[in-house]
1. Give me the log10 of I(q) over I(0) for segment 116-232 at q = 0.11, 0.16, 0.20, 0.23 Å⁻¹, as the Debye formula computes it from C-alpha points; what are the numbers?
2. State log₁₀ I(q)/I(0) for the chain at q = 0.11, 0.17 Å⁻¹ as given by the Debye formula over alpha-carbon point scatterers of equal weight, solvent excluded.
3. Can you pull the three principal axis extents for the Cα set of segment 94-155, in Å, largest first?
4. Which loop-located GluC sites (Glu not before Pro) does segment 1-83 contain, where loop means any DSSP state but H, G, I, E or B and the Cβ has at most 14 other Cβ atoms within 10 Å?
5. Compute the relative contact order of the chain as a whole-number percentage, counting only Cα pairs closer than 8 Å that sit 6 or more residues apart in sequence.
6. Roughly how many Å is it from the Cα centre of segment 83-148 to that of segment 172-232, as a whole number?
7. Under a plain spin-label model, where a point goes 7 Å from the Cα along Cα-to-Cβ, how far apart in nm are residue 20 and residue 118?
8. Can you tell me what share of the DSSP beta bridges in the chain is antiparallel? A percent to the nearest 5 is fine.
Amino acid sequence: MDRIAVINPDAPGEIIENLIKMDIEPILIPKTGLVDGPLAGHPDIQIFVHGDRIFCHPDISVSFVNMMEKYADVTLCSTPLTRAYPADVPYNIACAGQWAFRHSAGSDPGIEEYLRSKKIAAVGVSQGYAKCSTLIVDDNSIITADMSIHRAATSRGVESLPISAGHIDLPGYRYGFIGGATGMWDNMVLCAGTLEQHPDYSLIEDFVVTRGKKIVPLGRMPAVDLGTIFVL
C-alpha cells in the first residue's frame with residue numbers, strides 16, 4: 001500500500017476495513033497511560049503531523065517510532081504528556097497554511113522551533129484540544145465548533161465555518177469534535193462514521209464541496225472522535 005493512516009486502536013472494524021479497501025494501511029498508535037483513559041489512543045494527543053514530518057512525545061513506543069521512520073521524518077520531542085490539562089495537549093496543534101493554532105500555554109519547544117523555521121506563526125487560543133476541534137479542509141479553510149479558534153482564524157484571513165458543538169460521539173465524554181472524527185487524504189475528508197446526523201451537515205458538505213473536496217464516510221455509525229486520522 002502506498003499510504004498509511006495512523007489511527008486509534010479503538011477504531012471500529014468497519015473503519016479499518018474501509019481504509020484497507022482504499023489501499024490505505026491502518027497503523028494503530030499504541031495507547032498511552034499518561035493521559036485520561038478515553039484519550040489514550042488518540043493520535044492527535046500523542047503526535048503532531050505536518051507534511052512528511054511527525055513529532056512524537058518522548059515516552060511513545062519505540063516500536064511505533066521505528067515503524068513510522070519507514071514513512072516519515074520522525075522527531076522525538078522533549079515535552080512529556082501528563083494527565084492534567086493543558087499538559088496533555090502540547091502536540092494537539094491545528095496547522096492550516098501559515099498558521100498553527102494551539103493552546104496559549106504553548107506546545108513542545110522543538111515543534112515551536114520547527115514552525116518558526118517554516119515561517120508558520122503559532123497562534124494561542126483558549127481551546128487546548130485545537131486539532132481535535134478543527135477540521136482543516138485546506139491551507140486557508142477550516143471547520144470548527146470552537147469560537148476561540150474560529151475568531152483567531154478569521155482575524156488572520158482563514159475562512160472558517162462555525163458549526164454547532166456536539167453531535168459527534170466520544171466515549172467517556174459528553175461529545176467529541178469534528179477534527180478528531182476526520183482526516184484528510186487527497187481531495188477527500190475521511191470521516192470516522194457519518195456526519196449526516198449533524199444538524200449543520202448541509203453547511204459542512206457545501207463548505208467542503210465548494211473547495212473541491214468531498215466527504216467520504218468510513219462507516220455507517222454516527223461520527224466518532226478517534227483523535228484524528230493522520231494519512232501519510
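1. Taken in order of the listed q values, log10 I(q)/I(0) reads -0.33, -0.70, -1.11, -1.45.
2. Debye output, listed in q order: -0.48, -1.29.
3. 28, 23, 19
4. 69
5. On the way: 519 pairs, mean separation 45.1, N = 232.
Over the chain, the number comes to 19 percent.
6. Cα centres, segment 83-148 to segment 172-232: 19 Å.
7. Modelled inter-label distance: 3.2 nm.
8. On the way: 17 of 41 bridges.
Roughly 40 percent of the DSSP beta bridges within the chain come out antiparallel.
FYI, it's all coordinate maths here, none of it is from the lab. All figures in this text were calculated on a predicted structure; none of them were measured in a lab. Cβ atoms come from the backbone with ideal geometry, glycine included; neighbour counts cover every protein chain shown.
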